[in-house]
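Visitor: Structure in structure tokens, see below.
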Amino acid sequence: MIDKKLFLDKNKTVIFGIFENPDQFLSTVGKVHSKGLDIIDCYSPFPIHGIEKAMGLKRSLLPVGAFLAGLLGFIGAGTLQWYTMSYDWPIVIGNKPSFGVSYVPVWFEGTILFTAFGIAILFFIRNKMLHGKMPSERIDMRQTDDRMIVAIASDNPAIDKEELTNLLFDGGAVEVKERTNHGYEDFTDANITK
Amino acid sequence: MIHDSVIRPKLVTGEKTLHDVTTEICRPIENKPSTSWKVGFTLAVIFFGLLALTLTITMLYGIGTWGLNKTVQWGWDITNFVFWVGIGHAGTLISAILLLFRQKWRMSINRSAEAMTIFAVLCAAIFPLFHMGRLWVGMYWVLPLPNAFGSLWGNFHSPLLWDVFAITTYFSVSLVFWYLGMIPDIATVRDRATTAGRKFWYNFFSMGWTGSVRTWNRYEVVSLILAGISTPLVLSVHTIVSMDFATSVVPGWHTTIFPPYFVAGAIFSGFGMVLTLLIIARKVMNYQDYITIGHLEAMCKVVMLTGTMVGLAYITEFFVAAYSGVVYEQYAFINRATGPYWWAYWSMMTCNLVAPQVFWFKWARTTPWFIFMLSIVVNVGMWFERFVIIVTSLHREYLPSGWVMYSPTWVEIGIFLGTFGLFFTCFFLFAKFLPVINMSEVKSILKNRE
């Protein structure tokens, strides 16, 4: 797995395999990964289960972030109630302790609120998403419609491009193209003559 | 024992391809609005105008324009508040609880149900806010009251303040859940956009989404966590709403059964409203292949189950009142069923307990026009439930000298009808400008994608 920054570098070359069938896409991505090639990223219009394993992605750490955000909410809601009702101006009703069960609802809601907003904000930060941002990688306008795309780094001179192209086409790719400094080079015709 | 699994019917019919899903669900956004949309939207805006008018009158002349009196201090306002909050329960229930249970039929209805949730909670918020009087001195709600001895803060022992936290948390978490789920679909609309306006706005709200697998991977994690925390949240909200009543000493309210009974009622009324909306939407927008009879049938089963739970709670309340030996409690229930508001009580019983029992029959669960009629009955019944709980308990409390009758003024009726205007105005705008069905989720359940 190589750094995604390489992909954004326009001087690096990348081979794209474009697929129509999600099952063929999934198995081909697995094959490409098992050959030890560097898959920069994949794109699909819907979540394909199992592809993160096929690509060799690590588990996301977002749940840890969600827990920390929730903890912050828990501490915040508890502190707010303790400070206002038990410390700054304790209100005793029916001779019951002011710090007690009646704090539970707001405590709970505060924890949930912070967890939800925390994880949403962390999600946006981690994906570098921002309102109005132009999408950085659009290989095909149909990648959010019905096309699945695998992007493979092709800088390494050891890569046999013909073999890779054939692997992609045999796996069900409808189009294979390479992005170089000069723009896109389409491999589709080469396959037809094969 | 080896059990052969029965092959379940397809969740999306009509042999759709991925591209078909995109085209069909983007159609209302990309085309000019239909005549039925224009007529419906105009009607909704007229009622929305009525809301503006009646709220202005309330602000100008005060709460005296409502039919409330010294005994019945909560009338239509809180009835309508609980009614709308209840409706707002189906959306998050469908998307969160059914996600945790891996119920894939939720995928074509969750988007519109979540939208319904958000709009219903907006409508609900109007009632307690305007009941407080002058909104512009609202700083007092959140900041400590200044006085000679220090700062007097809001009372965290009060269920009314719990409710403020519960409803605002529910609203904002539902909004986050709804919006996050919509980003991939907004990106799809963006990539198909032909006009400059659409390109700009859908690009703005899609936040640079590309459909990268890394993003999808995190998106799935976030969805699961949000579903996990929304499940107790959705159950807590109506629990806390019920505590507004249950923690008081008013006969008929002071009942420990209230939290589960209110939650069941909320799911019941929420599904009732989802059915009302979706039966129209699937017909008008031609989405019968996505929202199939199977979806309607599943929702009818939920309505039947929760309706029966609510009915059981009504009967249990009666039993507990009789068994308690408290005369005030006993009178409150006898008065509900046989007092001056008997018609409200029996409407509630008929609509909520008796009517949904027809869903034991498959014909009733699979005939859209019939389900539509029943869903209206459920909505009416649940409105009456809240009216019965609030008004019949208050109008005859401990002291017979304080007994009165309550009836709404035209301003209160106007506000209630006006909230339907607000609700449907929002819903029509949603149906025109946003994908009503979750495209990316529906694509993942097409044909051989198991």
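Visitor: Based on what the data block shows, is B:Leu100 touching a residue at least 40 places away in the same chain (Cβ under 8 Å), surrounded by fewer than 22 Cβ atoms within 10 Å (Cβ to Cβ), more than 18 Å from the chain's Cα centre (by Cα) and closer than 24 Å to B:Gly307 by Cα?
Guide: yes
Visitor: While we're looking at this one, here's another question. Among the residues of the range B:9-25, what is the count of those that are in contact with a Phe, Trp or Tyr (Cβ under 9 Å, 6 or more places away or on another chain), surrounded by fewer than 22 Cβ atoms within 10 Å (Cβ to Cβ) and more than 14 Å from B:Ile445 (Cα to Cα)?
Guide: Qualifying residue count for the region: 1.
Visitor: Can I ask one more? Which condition number in (1) in a helix (DSSP H, G or I); (2) within 25 Å of the chain's Cα centre (by Cα); (3) over 26 Å from B:Val388 (Cβ atoms) is the one that B:Ala90 fails?
Guide: Evaluating B:Ala90 over (1) in a helix (DSSP H, G or I); (2) within 25 Å of the chain's Cα centre (by Cα); (3) over 26 Å from B:Val388 (Cβ atoms) leaves (3) as the failure.
Visitor: Taking the range A:91-115 only, how many residues are in a helix (DSSP H, G or I) and more than 8 Å from chain B (Cβ to nearest Cβ)?
Guide: Total satisfying the criteria: 5.
Visitor: Here is a further query. I need the full set of residues from the range A:96-121 which are over 15 Å from B:Leu226 (Cβ atoms) and of a type in the set (A, V, I, L, M, F, W, C), in order please.
Guide: Within the range A:96-121, A:Phe99, A:Val101, A:Val104, A:Val106, A:Trp107, A:Phe108 meet the criteria.
Visitor: Which ones in the range A:55-66 are at the interface with chain B (Cβ under 9 Å from one of its Cβ atoms) and more than 15 Å from the chain's Cα centre (by Cα)?
Guide: A:Ala66
Visitor: Is it the case that the range B:132-141 has a residue that's part of a helix (DSSP H, G or I), within 30 Å of B:Gly75 (Cα to Cα) and either in contact with a Cys (Cβ under 8 Å, 6 or more places away or on another chain) or modelled with pLDDT of 85 or more (or both)?
Guide: Checked the range B:132-141: no residue is part of a helix (DSSP H, G or I), within 30 Å of B:Gly75 (Cα to Cα) and either in contact with a Cys (Cβ under 8 Å, 6 or more places away or on another chain) or modelled with pLDDT of 85 or more (or both).
Visitor: A:Gly50 passes all but one of (1) free of Cβ contacts under 8 Å to residues at least 40 places away in the same chain; (2) not assigned by TED's automatic domain parsing to the domain that holds A:Val176; which number fails?
Guide: (2)
Visitor: For the range B:168-188, how many residues meet the condition of being in contact with a Pro (Cβ under 8 Å, 6 or more places away or on another chain) and at the interface with another protein chain (Cβ under 9 Å from one of its Cβ atoms)?
Guide: 4
Visitor: Does the range B:255-267 contain at least one residue that is more than 14 Å from chain A (Cβ to nearest Cβ), of a type in the set (Val, Ile, Thr) and more than 30 Å from A:Thr111 (Cβ to Cβ)?
Guide: No, the range B:255-267 contains no residue that is more than 14 Å from chain A (Cβ to nearest Cβ), of a type in the set (Val, Ile, Thr) and more than 30 Å from A:Thr111 (Cβ to Cβ).
Visitor: I need every pair where a residue in the range B:195-211 that is more than 10 Å from chain A (Cβ to nearest Cβ) has its Cβ under 8 Å from the Cβ of a residue that is surrounded by 14 or more Cβ atoms within 10 Å (Cβ to Cβ) and not in a helix (DSSP H, G or I), sequence separation at least 6 or different chains.
Guide: These pairs meet every condition: B:Lys199/B:Ala193; B:Tyr202/B:Ala193.
Visitor: Mind listing whichever residues of the range B:340-383 are surrounded by 19 or more Cβ atoms within 10 Å (Cβ to Cβ) and among the aromatic types (Phe, Trp, Tyr)?
Guide: Across the range B:340-383, the qualifying residues are B:Tyr341, B:Tyr345, B:Phe359, B:Trp383.
Visitor: Let me ask another. Filter the range B:395-429 down to the residues that are buried (at least 19 other Cβ atoms within 10 Å of the Cβ) and under 29 Å from B:Ile29 (Cβ atoms) and list them by number.
Guide: Listed by number, the residues that qualify are B:Gly418, B:Thr419, B:Gly421, B:Leu422, B:Phe423, B:Phe424, B:Thr425, B:Cys426, B:Phe427, B:Phe428.
Visitor: Would you be able to say whether some residue in the range A:128-142 is within 25 Å of A:Pro22 (Cβ to Cβ), in contact with a strand residue (DSSP E or B) (Cβ under 8 Å, 6 or more places away or on another chain) and facing another protein chain (nearest Cβ under 8 Å)?
Guide: yes
Visitor: Answer yes or no as to whether B:Gly181 is buried (at least 18 other Cβ atoms within 10 Å of the Cβ), at pLDDT below 85 and either more than 20 Å from B:Ile109 (Cβ to Cβ) or touching an Asp or Glu at 6+ places or on another chain (Cβ under 9 Å) (or both).
Guide: Considered against the rule, which asks whether it is buried (at least 18 other Cβ atoms within 10 Å of the Cβ), at pLDDT below 85 and either more than 20 Å from B:Ile109 (Cβ to Cβ) or touching an Asp or Glu at 6+ places or on another chain (Cβ under 9 Å) (or both), B:Gly181 comes out as no.
Visitor: May I ask you to list the residues in the range B:224-234 that are more than 9 Å from chain A (Cβ to nearest Cβ) and surrounded by 20 or more Cβ atoms within 10 Å (Cβ to Cβ)?
Guide: Passing the criteria: only B:Val234.
Visitor: Let me ask another. Consider the range A:64-98. How many of its residues are surrounded by 15 or more Cβ atoms within 10 Å (Cβ to Cβ), out of contact with any His (no Cβ under 8 Å at 6 or more places or on another chain) and free of Cβ contacts under 8 Å to residues at least 40 places away in the same chain?
Guide: Qualifying residue count for the region: 9.
Visitor: Of all the helices (runs of 4 or more DSSP H) wholly in the range B:290-381, which have at least 2 residues that are among the basic types (Lys, Arg)?
Guide: Fully inside the range B:290-381 and qualifying: B:362-366.
The values are calculated or read from the model by the stated rules, or taken from the named source; none is laboratory data. Keep in mind that this is a model prediction, so the values were computed, not measured. Every residue, glycine as well, gets a Cβ built from its backbone with ideal geometry; the counts of neighbours run over all protein chains shown.
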